[in-house]
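Reviewing the structure listed below.
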Amino acid sequence: MHNRTLLKLLAVLLTGLLTWSCSGEPRAIHQTSTLDALKAGAFGGVITVEALERQGTLGLGTLDGLDGELVQVDGVAYHVGMDGVARAARPGATIPFATTVRFAPDASRRLQGQGLGLALEDVCRVLDELAPDPQRFAAARVRGRFSTVEARSVPRQLPPYPTLAEVLPRQAVFQLEQVVGDMVGFRFPEHAQSYGVAGWHLHFISTDRTRGGHVLAATLHDGIARVMTVDRLELYVPPDLPKAAGGSAGGAGGHP
Ligand SMILES: [Zn+2]
């Protein structure tokens, strides 16, 4: 009897180990294409929304043709168009650039702003405190009541594609006020800045999932910040990427 229980336990452990190894590294950030390629105009979709939603639960990016901003929260990817309106992204829609992770935070902190609230810089400082090693990747989710969120979206392009820097002057900027929602995103270390944005890159979506965009500025009234530190990057480099114009990231290229 005792032996049989032991065998059962061993079988359960073995199954668990096999499942774990077959499902791959659970704490990896999945990066589709590179920031350098996006800056150079690689706007054509290379994976589907459905595939992205299998890779991770929290993410950001853009859609085929640089069509607006993508925000993924609780597993669901949303598309924010030039009108600032968020809609669930079509499962078959394609994505030229995205970052996603199976979000499992390992640090969190309650935030309470004074007066007008905590500025975005202050929120990012807290996120850095929760993931103190700047050489490591991090993912974050800040859920709360925002006094203001300045968000933007970008207009869809047709091939032959321009560079990102050529499109950004035509971005649409939205001012959201007294909005409850989630700010989600990633911090790539400087040594990985040709793949993703060095420092915090955050997208926003309201709790009713109707408004959002790439975060330019914000003030947080109160909320909770959760951070996951990650050491593994799974990079998908699609074939036929354009060469980066003018070298690596940083400078005039801007953020996706
Ligand atoms: Zn962005």
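The values are calculated or read from the model by the stated rules, or taken from the named source; none is laboratory data. A quick note: this is a predicted structure, and the numbers were derived from the prediction, not measured. Every residue, glycine as well, gets a Cβ built from its backbone with ideal geometry; the counts of neighbours run over all protein chains shown. For accessibility, only protein heavy atoms count, side chains too; no ligands or nucleic acids. Shrake-Rupley method; radii C 1.70, N 1.55, O 1.52, S 1.80 Å.
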Using each residue's phi in the range 186-197, evaluate 6.51 cos²θ - 1.76 cosθ + 1.60 at θ = phi - 60° and report the 3J(HN,Hα) Karplus result to the nearest Hz, with x for Gly and Pro. 9, 10, 9, x, 3, 5, 10, 6, 7, 9, x, 5
With Kirkwood's inverse mean 1/r over C-alpha pairs for Rh, give me the Rg to Rh ratio of the range 106-213, two decimals please. 1.00
In nm, spacing of pseudo-spin labels at GLU50 and HIS191 (7 Å Cα→C-beta vector): 3.8
Would you please give the residues with an amide H less than 5 Å from that of GLN157, counting only those at least 5 places away or on a separate chain, with H modeled from the backbone geometry? LEU66, ASP67
What residues have an amide H closer than 5 Å to that of TYR78, excluding those fewer than 5 places away on the same chain, when H is modeled at 1.01 Å from N in the peptide plane? VAL71, GLN72, VAL73, ALA89
Computed D for the range 116-177, Stokes-Einstein, Kirkwood radius over alpha-carbon pairs, 10 °C, 1.306 mPa s, to the nearest µm² per second, is 107
Suppose accessible area is computed on protein heavy atoms with a 1.4 Å probe; arrange TYR195, TYR78 from highest to lowest. TYR195, TYR78
What the 5 Å binned alpha carbon P(r) of the range 26-241 shows, as percent of pairs per bin from 0, is 1, 8, 17, 21, 22, 17, 10, 3, 1, 0, 0
Please list GLU190, GLU69, GLU129 from largest to smallest accessible area, probe radius 1.4 Å, with all protein chains kept in place. GLU190, GLU129, GLU69
Please work out the FRET efficiency for the pair ALA107 and GLU166, using the Cβ-Cβ distance as r and a Förster radius of 41 Å; give the result to the nearest 0.05. 0.55
Roughly to the nearest percent, how much of the accessible area of the range 59-200 is carbon and sulfur, given a 1.4 Å probe? 51
Check which residues have an amide H placed less than 5 Å from LEU202's amide H, if you skip close sequence neighbours. VAL215
When only DSSP loop residues count, what trypsin sites (Lys or Arg not before Pro) in the range 105-153 have their Cβ near at most 16 other Cβ atoms within 10 Å? ARG136
Give me the accessible area per residue for the range 26-241, probe 1.4 Å, as a whole number in Å². 41
Along the Cα-to-Cβ line of GLU129, 7 Å from the Cα, sits a label point; which residues in the range 96-113 have backbone N less than 15 Å from it? 107-113
